[in-house]
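Participant: The structure that follows is given in the form of structure tokens.
Bear in mind these aren't lab numbers, they're just calculated from the coordinates by the rules spelled out. This structure is a prediction, so every number in the text was calculated from the model and none was measured. A quick note on method: Cβ atoms are made from the backbone with ideal geometry, for glycine too, and the neighbour counts reach across all protein chains shown.
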Amino acid sequence: MISLLEPVYWNWWLSGVVLMAVEAIAPGFFFLWMGVAALLVGLILTVFPELAWTWQVFLFALLSVGSIVAWRLRLRRHPTRTADPLLNRRGHQYTGRIFTLDVPVINGHGKIRVDDSTWKVLVEQDCPAGTRLRITGVEGVMLKGEIEK
């Protein structure tokens with residue numbers, strides 16, 4: 001295998017640092033774990049310096065996938081707690097609020113104006129523009145509403 005630096009483990013350590021730098025530029029906890037895997041392969045090479053390049057690449061792939069899957073499982077079991085859990089779930093922020101229809105509901109579909117955007121709304125019965133709706137939930141990218149009485 002052609003190596004840029006001798007001993008070979010320096011190549012993996014350099015790759016790990018570069019991958020972690022990419023993570024700093026494009027965050028998402030994906031490149032971080034690949035960088036950790038590269039650093040681990042470099043560490044393994046300090047103990048087994050004659051390890052074939054095919055095994056090095058295999059270990060890198062295995063450690064990368066394993067660390068990413070382990071992180072995803074940990075996140076699923078222990079979600080990040082936040083002061084505003086609906087921050088990035090904009091449609092859910094409108095649940096319980098009352099809005100006025102801009103476009104009449106025809107065949108269950110209408111539109112409401114929320115701040116500076118327009119949202120499609122699902123309502124069980126047809127109604128004219130100007131009707132007040134209470135938002136009861138979200139279905140995909142549409143709000144679900146019912147006529148306010």
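Participant: Using a Gaussian network model of the chain whose springs link C-alpha atoms within less than 10 Å, name the residue from Ala24, Ala37, Ala83 with the highest mean-square fluctuation.
Facilitator: Of the options given, Ala83 has the highest mean-square fluctuation.
Participant: Using the count of nearby Cβ atoms within 10 Å as a rough guide to exposure, how do Val105, Val22, Val36 rank from fewest to most?
Facilitator: Ascending Cβ contact count within 10 Å gives the list Val22, Val36, Val105.
Participant: Right, here's the next one. Round to the nearest 10 and give me the degree value, 0 to 90, for the angle of helix 9-25's Cα axis relative to the longest principal axis of the chain.
Facilitator: The angle comes out at about 20 degrees.
Participant: Given the Cα atoms of the chain, and with Rh set as the inverse mean 1/r over their pairs in the Kirkwood sense, what is Rg to Rh to two decimals?
Facilitator: Working: Rg = 26.2 Å, Rh = 19.6 Å.
Ratio value, two decimals: 1.34.
Participant: A further question follows. Between rounded, prolate and oblate, where does the range 9-77 land on the alpha carbon gyration tensor, with a ≥ b ≥ c its root eigenvalues, rounded for a/c under 1.5, else prolate if a/b exceeds b/c? Write down the numbers at each step before the final one.
Facilitator: Details: a/c = 2.82, a/b = 1.54, b/c = 1.84.
Note, shape of the range 9-77 comes out oblate.
Participant: Tabulate in residue order the Karplus-calculated ³J(HN,Hα) for the range 47-59, using 6.51 cos²θ - 1.76 cosθ + 1.60 with θ = phi - 60°, rounded to whole Hz; enter x for Gly and Pro.
Facilitator: Result, ordered by residue: 8, 10, x, 8, 5, 4, 4, 5, 5, 4, 5, 4, 4 Hz.
Participant: In deg cm²/dmol and to the nearest 500, what is the mean residue ellipticity at 222 nm of the chain if only DSSP H runs of at least 4 residues count, each as -39500 (n - 2.57), divided by the residue total?
Facilitator: Working: 4 runs with 63 residues, N = 149.
Mean residue ellipticity at 222 nm (helix-derived): -14000 deg cm²/dmol.
Participant: Could you name the aspartates and glutamates whose alpha carbon sits less than 16 Å from that of Lys111, not counting residues in the same chain fewer than 8 places away?
Facilitator: Asp102, Glu124, Asp126, Glu139, Glu146, Glu148
Participant: Once amide H atoms are placed 1.01 Å from N in the peptide plane, what residues at a sequence separation of 5 or more from Lys144, or on another chain, have their amide H within under 5 Å of its amide H?
Facilitator: Close amide H contacts, sequence-distant or interchain: Leu122, Thr136, Gly137, Val138, Glu139.
Participant: Name the residues whose placed amide hydrogens come within less than 5 Å of the amide hydrogen of Val103, ignoring near sequence neighbours (fewer than 5 apart) on the same chain.
Facilitator: Amide H to amide H, under 5 Å and 5 or more residues apart or across chains, Val103 pairs with Lys111.
Participant: FRET efficiency for Arg97 and Arg72, Cβ-Cβ distance as r, R0 = 30 Å, nearest 0.05?
Facilitator: Details: r = 34 Å, r/R0 = 1.12.
After rounding to 0.05, the efficiency reads 0.35.
Participant: What list of ³J(HN,Hα) values in whole Hz, one per residue of the range 93-104 in order, does the Karplus curve 6.51 cos²θ - 1.76 cosθ + 1.60 (θ = phi - 60°) give from phi, with Gly and Pro shown as x?
Facilitator: Once rounded to whole Hz, the list reads 5, 8, 4, x, 7, 10, 10, 9, 5, 8, 10, x.
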